[in-house]
Amino acid sequence: MSDVLLDRVTKTYRRRPALQGINLRLTAGTTAIMGPNGAGKTTLLRLLATAIRPDSGQIRIHGADPNRPLELARIRTRLGYAPDGNDLDTRLSVLQFLHHVAALKGLDITERNRDIEQQIEALGLGHALHRQVRQLPTGTVRRLLVAQAMLGRPQLLVLDEPFADVDHESRHLLIDVLRRSSDHLTVVLAGHHLNDLAAIANRLVILKAGTVAFDNTPADLVAAGLATTNPDDLSPLEAGYLAALSDRPRPEPDPM
Amino acid sequence: MTHPSRAELRGYLTSESSDFEADTIEHHLVGCSSCRVEIRDGEWTNRSWRQLRTTIRTPPRSRPERTLVTVGIPNHIAHLIAASPAFRPAWWLSVAAALVFAGIAAGAVTTNPLASLPFLTVAPVLPVIGVALAYGIPGDPLTQIAAVAPHGGFRLLLIRGLTVSASSIALAVLAALFFLPPNAAFIWLIPSLAATAATLALSIRMAAPVAAIVVVTIWIMLLGATTIAGTPTDAFTIGPHLLVLAIAVAIVGGARNSAPSSAAT
Ligand SMILES: [Zn+2]
C-alpha cells in the first residue's frame, strides 16, 4: 500500500486553477516537488499537510481520509509540517517555541522532553535556546522549522522550501538530518535548489502549471538531460529539468 | 585573530551568553575552522550538552501553568492555557474586548428588554471571534503550524475563548463588588462561557466545528422561543442548562468511547 495517494486532485483559487487533476502515489523515502513559481508546489504541500481541502479528487494519507473528521485527527497526530517560514515573527524564544508546538501536538511531558532534546541536538540549536525566534538568521529559522516538524515522531513530513536562503552550515545540517530520516518516514519537500533536492530525494516530481510534468528518480532526470541537445552548457540535471518544463511533446510517464 | 576562550565557547554552546556575545561568537565561528572543530569535538562539549539537557527539561513555567497542572489539567493543555508571556498582549486585548462588549450590552438593555436581542444573538460567539482576531496573524507560519496540529486550530481557539470568557467574568464580578457600574455586566459573558465549554465538551463525540454549529443552533432556537414568549432575556438561564447538558453528553460519550479522546478539529 502506498503511504500517500492523490487521485485526480484539483484545487482552484479565485478561478485560477492551482492544481489540475494530480495523480501521485508516494511511498517511504524523500520526494522533492519542484517547478517554477506558481506551478502549484505550495498548494500541493498544503493539501498534504491537511491545511486545505481539494475541490475534487481523493487524498489518502496512510490509508486515512482527511475529509473524515476522526481520520483527519489520526493523520494530524502523525504529521510534521513546516510552512515557508520567511516571516516567522514571534517573541517566543527557541525553547518556548518548541515547547509550544509540542503542546499543540498534545505530547506528554516525557515525549516532549525527549523529542525536543533530540531535535535540538540533531539540528544544532543548542546555542540559540533563549534567543527570540524573530531575531534569528534565516538558516537557524529553517532548522527550527524542521525541528518543530519532527516533534511527535511523524510518519509524514511536509516541508516547504527548507533550503531557501540558508547558510552553508545550516544546509549541511538539514541535508544530513533529512537523509537520515528518509529511511523510516515519508518526506515531501518543495524547493528551487535542484542540486540540493536531487542530493537527498529518491524521487523528483516537477510541476508545471498545476500538472505533473515529470515524476521519476533524479537519475532519470539526468538521463533525460543527457538525451537533449544542450547548447547552453547546462549540467545534465539542469538540462533535464528544462526539458521537462519545455512544451515539446515527450512520452508521458504512467501516472499509476 | 583572537579566538574566544573555552569558557566563552561553552557559554555559547549552552545558551548562557548574551545575544550580543552569541552573535560575535557565531560570526567568529563562520570564519574559524579551528574553533568549529573545538566546539564540535572538544572533550568538554559532552559536559556542556549535559548542562543543556537540564535547561531543556526544566523550561520556566509560569505560576498559572503550575497551578493548572496541580489541579489536574493535562500538561499540554495547561501549557496552552497559561501560554507564555509572548501571547499575553493578545490575551489582554481579548479580555478587554469582552469586557467592553459586556459593559455596552448591560448599559443599553436596562430600559427596553427587546433591545437585548442583537446582543444576545452574538453573545455566545463574540469572545471567540475576538480571540481569533487578537491571536491569529493569517499567513504567519506559527498560525499555519497550529492550524494542522491536533490541539491547534479550532480547538485552540475554543480553549483560549474559554479562558478569556472565564477571566472576563471574574474581572466583571470583581468590578461589580466594588460598585463599578454596570453591575450586571458579567451575565453577558455567561453565554460565551457556556457555549465554548459546551462545544469543547461535545467535541469529544464529534468534530469541533460540527459541535460549534450544534451549540449555536440550539442557542438561536431557544433565543427565538424566549423572544416569541416576549422575554428574550430568559435566554440567560438557558446558558447554564446547555452547559450541563453538554457535559452530560461528553461524560456518557467519553465512557462509551474510552478510546483516545483526540477529537477532530
Ligand atoms: Zn577561532
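Every number in this text was worked out from the coordinates using simple rules, so none of it is lab data. These numbers come from a predicted model, not from an experiment. Neighbour counts run over all protein chains shown; Cβ positions are idealised from the backbone, glycine included.
For this structure, a couple of remarks:
- Rounded to the nearest Hz, the phi-derived 3J(HN,Hα) couplings of the range B:63-74 under the Karplus curve 6.51 cos²θ - 1.76 cosθ + 1.60 (θ = phi - 60°) are 4, x, 5, 4, 4, 4, 5, 4, 7, x, 6, x, where x marks glycine and proline.
- Largest GNM mean-square fluctuation among A:L157, A:L48, A:L95, using chain A with Cα springs under 10 Å: A:L95.
- Angstrom value of the Kirkwood radius, inverse mean 1/r, which spans all Cα pairs in chain A: 19.0 Å
- Taking amide H as placed 1.01 Å from N in the peptide plane, the amide H of A:H62 sits under 5 Å from that of A:V4, A:L5, each at least 5 places away or on another chain.
- Here the 3J(HN,Hα) profile of the range B:116-124, calculated from phi with Karplus coefficients 6.51, -1.76 and 1.60 at θ = phi - 60°, is 6, 4, x, 5, 5, 5, 8, 3, x Hz, Gly and Pro shown as x.
- Anchor A:K208: lysines whose Cα lies under 28 Å away (excluding residues fewer than 8 positions away in-chain): A:K11, A:K41
- For the range A:130-138, putting each phi into the Karplus relation 6.51 cos²θ - 1.76 cosθ + 1.60 with θ = phi - 60° gives couplings of 9, 8, 5, 4, 5, 9, 7, x, 3 Hz, in residue order, rounded to whole numbers and with x for Gly and Pro.
- Modelled FRET efficiency - R0 22 Å, B:V100 with A:R53, Cβ distances, 0.05 increments: 0.05
- Close amide-amide hydrogen proximity is noted between A:F214 and A:I206, each under 5 Å apart and 5 or more residues distant or on a separate chain (H modeled in the peptide plane; Pro and chain starts excluded).
- Cα→Cβ-extended label distance, 7 Å offset, between B:T54 and B:T70, nm: 2.5 nm
- Taking 0.36 nm per residue of separation and subtracting the Cα-Cα distance, full extension of the segment from B:T2 to B:M221 would add 71.3 nm.
- With an a/c value of 1.5 or above and a/b not larger than b/c for the gyration tensor axes a ≥ b ≥ c computed over the alpha-carbon atoms, the range A:1-75 is described as oblate.
- Per-residue ellipticity at 222 nm, computed for the protein assembly as shown from helices alone with -39500 (n - 2.57) per DSSP H run of at least four residues, works out to -17000 deg cm²/dmol.
- Three-way shape label, the range A:64-113, alpha-carbon gyration tensor, a/c 1.5: oblate
- With a Förster radius of 25 Å applied to the beta-carbon distance between A:D87 and A:S246, the computed FRET efficiency rounds to 0.15.
- Across the range A:50-145, Cα-Cα pairs more than 23 Å apart make up 37 percent of the total.
- Scattering profile of the protein assembly as shown at q = 0.05, 0.07 Å⁻¹ [log10 I(q)/I(0), Debye over alpha-carbon scatterers]: -0.25, -0.48
- Rounded FRET efficiency, nearest 0.05, which uses the C-beta distance separating A:D167 from A:T12 and R0 of 25 Å: 0.10
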